[in-house]
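Take a look at the structure set out below.
The values are calculated or read from the model by the stated rules, or taken from the named source; none is laboratory data. In this text, all values refer to a predicted model and were calculated from it rather than measured experimentally. A quick note on method: Cβ atoms are made from the backbone with ideal geometry, for glycine too, and the neighbour counts reach across all protein chains shown. The area values use the complete protein model at the heavy-atom level, side chains included, leaving out ligands, DNA and RNA. Shrake-Rupley method; radii C 1.70, N 1.55, O 1.52, S 1.80 Å.
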Amino acid sequence: MVTEQEGTRMFGQKEVQKSRNRELVELFDSGFGIHHAGMLRADRSLTERLFSDGLLKVLVCTATLAWGVNLPAHTVVIKGTQLYDPKAGGWRELGMLDVMQIFGRAGRPQFDKSGEGIIITTHDRLAYYLRLLTNQLPIESQWTSFVIFPNPNLLIEIRVT
């Protein structure tokens with residue numbers, strides 16, 4: 001008799017074997033998955049489904065996954081806080097909104113009782129991220145630098161909920 005969990009695992013294994021992505025196939029048996037923009041859409045969707053079903057215990061992915069896909073996790077690790085910014089032509093620090101969005105995947109109330117966020121950064125940036133995460137450093141908006149105000153007396157109210 002095959003349990004539901006075993007059946008799900010067997011189905012997942014069969015789906016993974018169809019993929020031409022050798023890394024995805026090799027990592028599946030260990031409960032690991034990968035997710036990045038360089039993968040075929042079908043492989044990304046498969047990886048998301050396998051992680052949601054609990055068949056992948058660890059998902060290694062780029063930060064873009066945190067913005068576009070609702071995949072909750074118990075623990076989220078940000079390994080490295082520098083991103084390449086092609087517009088600036090160099091490296092920049094991961095912004096606070098990005099950090100909060102990524103950490104927001106950990107411990108979703110409808111899926112888990114608690115969550116953990118781990119950030120790995122250089123020693124010289126550690127104090128900066130600690131202040132940001134403990135609300136000791138204000139988050140400054142750059143929004144006004146992108147907006148042209150036709151009326152200098154215009155009052156704008158933004159509500160964050």
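Restricting the stretch 44-61 to residues that are in contact with a Leu (Cβ under 8 Å, 6 or more places away or on another chain) and without any contact (Cβ under 8 Å) to a residue 24 or more places away in the chain, the residue that is surrounded by the most Cβ atoms within 10 Å (Cβ to Cβ) is T47.
Check G89, G117 and return the single one that is in contact with a helix residue (DSSP H, G or I) (Cβ under 7 Å, 6 or more places away or on another chain) and open to solvent by 40 Å² or more (accessible area, probe 1.4 Å).
G117
Need a quick list: helices (runs of 4 or more DSSP H) entirely within the stretch 59-161 having at least 1 residues that are at pLDDT 85 or above and out of contact with any Cys (no Cβ under 9 Å at 6 or more places or on another chain). Steps first, answer last, please.
Values: elements: 64-68, 96-103, 123-133.
Once the helices (runs of 4 or more DSSP H) in the stretch 59-161 are filtered for at least 1 residues that are at pLDDT 85 or above and out of contact with any Cys (no Cβ under 9 Å at 6 or more places or on another chain), what remains is 96-103, 123-133.
Could you look through the stretch 4-37, keep only residues that are part of a loop (DSSP other than H, G, I, E, B) and open to solvent by 70 Å² or more (accessible area, probe 1.4 Å), and pick out the one that is nearest to L71 (Cα to Cα)? Within the stretch 4-37, the match that is nearest to L71 (Cα to Cα) is A37.
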